[in-house]
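Trainee: Structure provided below as structure tokens; questions to follow.
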Amino acid sequence: MSSVKIERPRGTRDFLPDEMEKRRAVERLMREIVESYGYREVCTPTFEHLELFTLKSGEGILEEIYAFKDKGGRDLALRPELTAPVMRLFVNECKVMPRPLRFYYFANCFRYERPQRGRYREFWQFGVELIGSDRPESEAEVIAIAYRILERLGLDFELRIGHVGVLRELLKDLNEEKSSKIMRLIDKGEMDELEEYMNELNLGELYEKIKEIVKVKGKSDVIERLDLKKDVKERITKVCSLCDAYEVEYSIDLSIVRGLDYYTGIVFEAYAEGLGAQKQVCGGGSYRLAHVFGGEDTPSTGFAIGFDRVMEVCKIEPERKLKIAVVNAGDYELALRVAENLRREVKAEIVMDVMGRSLKKQLSHFKDYDFALIVGKREVESGIYSLKDLKTGVQEKLNFEKVVEKLKKEVKE
Ligand code: HAM
């Protein structure tokens, strides 16, 4: 039979056990944090009707979508993000649940992007959606949770808060095509191109105003001096003062426009050091999507953390599990019974040889383990086992209860 070496698709990755242990440890920490704020996990399908993402996600996402037809000719897409799916779930399943709803998710997403460090075609997002409140308290809560996660992961990061209403107000008299092109150029920070484009449209004066707004960066007092709509100014001020109470550090940045079209109010992004160009580790804000999917207009706020980017720079190490080898002195079946009993009692990695090695070879094979429990006919008949500490070489003779007691203590330490 001929054999063909098959590579994994571009932009995807394999994860070996060391990496998976680290990923699971980080995931556990994230879950713990969001659950401590009362968020509960939801899960949506990996693929959805294409329309879910074409209705309101914006041009950036559309260019990158993994769309396909199934055998019944339906247009489907692998999810590029989870806000639209979670809002679809909300509209379909949660009509009678009391508001607000606090949901979180950890799931893979797919975007057909040019792969590079920190940019993959399959990547994972950890995110929350707080559904049904239009108040600054909910925006500040969501911002604070994102901040706490990045802080607990030991990241060196910066959080910036903006409001899409500021630029939208300036652009309100332009048509959709022009305003979304302008927003995209601002999002990419391409100010020279923006100036050229706006001069072509005879919008030089407006360009100057935008330039001023985009420049605004700093603490909450920077907006006091600006000529903004009253409600927008009040909102930013209130969210900032709540963030101060949460002891969240941030700066105001009115150039944040986000790549997705559904945002309506406060928006925020976090950037981490040590990642190069793909340093945005978190993005989120307030949006309205439920009415687009046939539900009532429902104000919501959320964020998603780019899990793979965070993994590159976070300092969390997985807890090391206690490793025990159950070594057989000739009778494999007797030893495996003891190993099974031990697994019921002690939370550790309990491994047996499956290569038919001799007692001596087993001990040498498991030399990096913490303990070896030696099981032979004599040990089972007498009920006294030899437990060898492989780090110190000390061997003790103990009955099964004492073995369990000793190993349990080791697990706790
Ligand atoms: P987003 O900014 O498009 O927002 O994605 C969130 C995060 O996912 C980014 O900040 C980035 O860290 C990570 N990310 C995006 N694309 C890739 C990629 N190709 N490879 C690796 N990581 C990537 C959203 O998706 C919104 N749904 C966030 C949200 C939730 N807004 C409200 N609720």
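Trainee: With all pairs of different alpha carbon atoms counted, what Kirkwood hydrodynamic radius in Å does segment 128-247 show?
Mentor: Over segment 128-247, the inverse of the mean reciprocal pair distance is 16.3 Å.
Trainee: Please list the three semi-axes, largest first and in whole Å, of the ellipsoid equivalent to segment 233-301, using sqrt of 5 times the eigenvalues of its alpha carbon gyration tensor.
Mentor: Calculated on Cα positions only, the semi-axes equal 24, 18, 10 Å.
Trainee: Same structure again: Gain in length, Asp221 to Arg117, computed as 0.36 nm per residue apart minus the alpha-carbon separation, to one decimal in nm?
Mentor: Contour length minus Cα-Cα distance gives 33.8 nm.
Trainee: Here is the link list: Lys279/Lys321; Lys347/Lys397; Lys377/Lys402; Lys238/Lys279; Lys377/Lys397. Which ones come out longer than 25 Å on Cα distance?
Mentor: Lys279/Lys321; Lys238/Lys279
Trainee: Gain in length, Leu201 to Ala25, computed as 0.36 nm per residue apart minus the alpha-carbon separation, to one decimal in nm?
Mentor: 58.1 nm
Trainee: How much length, in nm to one decimal, is gained on full extension between Val354 and Asp192, taken as 0.36 nm per residue of separation minus their Cα-Cα distance?
Mentor: 51.7 nm
Trainee: What FRET efficiency comes out for Glu410 versus Asp244 if R0 is 41 angstrom and r is the Cβ-Cβ distance? Round to the nearest 0.05.
Mentor: It comes to 0.35.
Trainee: Rounded, prolate or oblate, given the Cα gyration tensor of segment 54-145, with a/c below 1.5 counting as rounded?
Mentor: Here segment 54-145 falls in the oblate category.
Trainee: With contacts defined as alpha carbon pairs under 8 Å and 6 or more residues apart, what's the relative contact order of the chain in percent?
Mentor: 16 percent
Trainee: Any aspartates and glutamates with Cα under 17 Å of the Lys409 Cα? List them, leaving off those in the same chain fewer than 8 positions away.
Mentor: The qualifying aspartates and glutamates are Glu319, Glu345, Glu349, Asp370, Asp389, Glu396, Glu401.
Trainee: To continue, here is another question. Per the Kirkwood formula on distinct C-alpha pairs, the Rh of segment 323-406 is how many angstrom?
Mentor: After inverting the mean inverse Cα-Cα distance, the result is 12.5 Å.
Trainee: Rg and Dmax of the chain, Cα atoms, in Å?
Mentor: 28.0, 96
Read-outs throughout are calculated quantities, based only on the coordinates presented, and are distinct from any laboratory measurement. Only a predicted model underlies this, so the values are computations on that prediction, with no experimental measurement involved. All Cβ positions, glycine included, derive from the backbone under ideal geometry; neighbour counts span all protein chains shown.
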